[in-house]
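Structure, as structure tokens:
Nothing in this text is a laboratory measurement; each read-out follows from the coordinates by a stated rule. Not measured: the values here are computed from a predicted model. Cβ atoms come from the backbone with ideal geometry, glycine included; neighbour counts cover every protein chain shown.
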Amino acid sequence: MRLLIVSQYFWPESFIINDLVKHLVGNGHQVTVLTGKPNYPGGTIYPGYTQLGLQSELFFETVPVHRVPLSPRGPGGAKKLAFNYLSFAWSGLRYFPRLVRKHDFDGILVFAPSPITSAIPAILLKYIKRAHLAIWVQDLWPQSLKATGFVRSPWLLGMMGWVVRGIYYFADTILIQSRAFMKPVACYADPQKIVYYPNSIDQGALSGNDTPLPEDLLRLLDDKFCLVFAGNLGAAQSLDTICEAAALLRDLPDCKIVMVGTGSMIGRVLEIKEALNLDNLLLVGQFPMSAMSRIFSLAAGLLVTLKDEEIFSYTIPSKIQAYLAAGKPIIAAINGEGARVIEEAGAGLTCAAENSKGLADRIRELYTMTGHDRRVLGEAGKSYFNKHFDMAHQARCLVDIFDKRNANEQRKG
């Protein structure tokens, strides 16, 4: 199959679409990627790339990756983020048709974490290439705009609702990463288009131990009871909850909360850490995905938090799949579908979103467990991952979805 991937985010940024592409190519499919200049999550263009102009390179030795200019996210703020979103959509409309004018495709897949507007150029490509268009919805729009506080105006939210409705109208298939997405997505789209297609993690990408780590970080993880929070430090993650829980855990000198990553809210976390003198909360920076296996293996447990907003109760944060694959206990302050997966797997302990005392209590509970009991939680999570979220299986499922949908369209035609 000849697949075109459209995504605002792609390698060297760390997203699951990178590894999915590797699996597709490994299965003999031809893949081309259209994306922007890498700048997530720090907000500045990565070294080796320029903000202006087109750039092309090969990923995984065989995958053409074409990059268009965009306005970088910057250190934070709604205005810069809006320019970032709109600039990718505009550059895609302007340049994508030219970049793939000599190529035909059987399907177009839009990897769509925020913003959903990244799908707009793919709609144009759908008609130019006469290819099946599937949008893999990672975040619910416009609900996530309201929940994160980036858009508060009812008029703007209503307008974005119509934009989403239009994007879904032109899609042939809408893939949803959580079963709980079905109802909110169906408010804007034909339910017949919607297919459950969960996120997955490439265990191979997490299995490398050759990425060097700072010695002080290794000593910390090895000597202390460390709870690791990995990933984007953004508004949706309710990082205040973690800071408040850390304040309640200062009587446990060996218990440390370690944040691995960066994002728009890192400044606020540092402010709270300093104001409350949180010596048990450490921000260690961002590391490549290949380093996470070793970090996870040395952690006593893995943390996930989200804001107490209805929209986030529908979401399974992709880090949950990574945590399950790591085989470590999970401590979660989240509602809805993410909590359900952890509890169904028997992989950890949960409490309500934004419940800092509940989060501290769950951490204490894990702290007092025997090593055997903690291993039981981790092993249960690993088993659940293998059954439900293995990427090799999901890559085959994606091709099956395109094949079946294309066959249905041919029969109708």
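List of remarks:
- Scaled against the 2.2 N^0.38 Å expected of a compact globular protein of N residues, the Cα radius of gyration of segment 204-388 reads 0.94.
- Volume per residue of the C-alpha convex hull in segment 246-290, rounded to whole Å³: 74
- Rg/Rh (Cα only; Kirkwood hydrodynamic radius) as it applies to segment 124-220: 1.17
- Scattering profile of segment 1-152 at q = 0.15, 0.17, 0.21 Å⁻¹ [log10 I(q)/I(0), Debye over alpha-carbon scatterers]: -0.74, -0.96, -1.45
- Take 160-166, 176-182, 218-224 and order them by the average number of nearby Cβ atoms within 10 Å per residue, most first; the result is 176-182, 160-166, 218-224.
- Structure-based [θ]222 nm, the chain - -39500 (n - 2.57) summed over DSSP H runs of at least 4, per residue, nearest 500: -14000 deg cm²/dmol
- Computed FRET value (nearest 0.05) for R152 with L220, which takes r as the C-beta separation and R₀ as 45 Å: 0.70
- Pairwise FRET efficiency - R98 versus A407, Cβ, R0 = 25 Å, nearest 0.05: 0.20
- The slack in the chain from N386 to D190, taken as 0.36 nm per residue of separation less the alpha-carbon distance, amounts to 67.4 nm.
- Residue separation of L54 and Y127 scaled by 0.36 nm, minus their Cα-Cα distance, works out to 24.0 nm of gained length.
- In summary, segment 244-339 shows an alpha-carbon radius of gyration equal to 1.13 times the 2.2 N^0.38 Å reference for compact globular proteins.
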